[in-house]
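Below is one structure; the comments refer to it alone.
Each value in this text was obtained by applying a stated rule to the coordinates, not by laboratory testing. Only a predicted model underlies this, so the values are computations on that prediction, with no experimental measurement involved. With ideal geometry, Cβ positions are generated from the backbone for all residues, glycine too; neighbour counts draw on all protein chains shown.
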Amino acid sequence: MPAPSEQKVPNAYGSPGAARPARFFRSHQQLLIDAARRGPLVDLACGRGRNALAAAELGIPTIALDRNAS
């Protein structure tokens with residue numbers, strides 16, 4: 001069984017295979033929402049985008065960048 005932080009959960013984009021956002025993201029979620037008033041959240045080295053997708057679902061304008069296309 002995967003660790004709770006890696007459990008697959010559905011999201012608003014219809015990706016039931018998306019992993020849960022990182023614990024750090026979840027614990028600082030309100031700070032990120034408040035900071036979004038200054039501009040978009042930038043997720044560098046986003047991988048498959050689990051944190052960027054979670055931010056977008058919260059209504060935070062988000063830019064996700066990764067070196068690899070996968």
**Q.** Net charge, A55 excluded, C-beta distance under 12 Å - Lys, Arg +1, Asp, Glu -1
**A.** 0
Q) So who's got an amide H within less than 5 Å of the one on A64, skipping anything under 5 residues away but keeping other chains? H placed 1.01 Å off N, in plane. A) D43
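Which semi-axis lengths, in whole Å and largest first, follow from the square roots of five times the eigenvalues of the Cα gyration tensor of the stretch 27-70?
Details: eigenvalues 74, 20, 13 Å².
Computed over the stretch 27-70, the values are 19, 10, 8 Å.
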Q: Could you go through the stretch 50-63 in sequence order and give the Karplus-derived ³J(HN,Hα) for each residue, using 6.51 cos²θ - 1.76 cosθ + 1.60 with θ = phi - 60°, rounded to whole Hz, and x for Gly and Pro?
A: 4, 6, 5, 5, 4, 5, 4, 5, 7, x, 7, x, 9, 10
